[in-house]
Amino acid sequence: MKRRDRNIIGENIRKLRMQTGLTQEELALKSGLSQGYVNQLENGKRKYTQKSLELIADALAIPVAEMFKEEGEQIDVVSKGIAQYKKKRPDKKEFLALLNELPEHIVEHYLVLLRLEKKIQNGEL
């Protein structure tokens, strides 16, 4: 297959996604893209944008450059990416949406816990 005919970006997105154990739907949720868009990128049916690649790279906890590597080039950050993915902070939008749905007394309870956790992390307790 000629280089211009290959879907290197899509192939790498699929490979990296599968190596991190994510489904297309999970990658879509983490990146804020639709599952259909992720599917079309992987299958070469849709063009990528810089923003979409940045969102996917962030969701996979890898540098954008990893998606441009040719076959045979080692994608060496995947194991690091998996560790970062597992340690990655929760999505702030989802967190705030959940807080908005909770009763005020429960939100206050979690706020107290977060303040205590911050003091523990800073060595104040």
### Query
Using 1/(1 + (r/R0)^6) with R0 = 41 angstrom and r between the beta carbons of L102 and L125, what's the FRET efficiency to the nearest 0.05?
0.95
### Query
Placing +1 at every Lys and Arg Cβ and -1 at every Asp and Glu Cβ, with all other atoms neutral, what dipole size does region 1-63 have around its Cα centre, in debye to the nearest 20?
400
### Message
Quick check on packing: order 105-114, 26-35 by the mean number of other C-beta atoms within 10 Å, highest mean leading.
### Response
26-35, 105-114
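No lab work stands behind these numbers, since they all come straight from the coordinates. Keep in mind it's a predicted model, so treat the numbers as computed, not measured. Ideal geometry is used to build each Cβ from the backbone, glycine not excepted, and the neighbour counts take in all protein chains shown.
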